[in-house]
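The values are calculated or read from the model by the stated rules, or taken from the named source; none is laboratory data. Please read all numbers here as calculations on a predicted model, not as lab measurements. Don't worry about glycine lacking a Cβ; one is built from the backbone with ideal geometry, like all the others, and counts go over all protein chains shown. Side chains are part of the model used for accessible areas, which takes the heavy atoms of the whole protein and leaves out ligands, DNA and RNA. Shrake-Rupley method; radii C 1.70, N 1.55, O 1.52, S 1.80 Å.
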Amino acid sequence: MSSDLYRLIPEEGKHLAESHNTEGAYRGVYLDDETNKPSGAGGVH
C-alpha cells in the first residue's frame, strides 16, 4: 500500500460527490453547492 497522501483543494462553490457504494469515500466529480448537479472533474494537488 502506498504511503502517498493527497489533499483536495476544492474549487469555490463546489464539493466532491460522495460514494453510494463505499462509506467515507468520494467520487472524482465536483457537484455544484447550490444545485448539487455535476459541474466538473475533481482533482488533487
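Would you confirm, using the coordinates I've provided, whether Tyr26 is open to solvent by less than 60 Å² (accessible area, probe 1.4 Å) and either touching a Phe, Trp or Tyr at 6+ places or on another chain (Cβ under 6 Å) or aromatic (Phe, Trp, Tyr) (or both)? Criteria not met by Tyr26. I'd like the full set of residues that are at pLDDT 90 or above, surrounded by fewer than 10 Cβ atoms within 10 Å (Cβ to Cβ) and among the polar types (S, T, N, Q), limited to the stretch 1-21. Across the stretch 1-21, the qualifying residue is only Asn21. One residue stands out in the stretch 29-45 among those that are among the polar types (S, T, N, Q) and surrounded by 10 or more Cβ atoms within 10 Å (Cβ to Cβ): the one that is modelled with the lowest pLDDT, namely Ser39.
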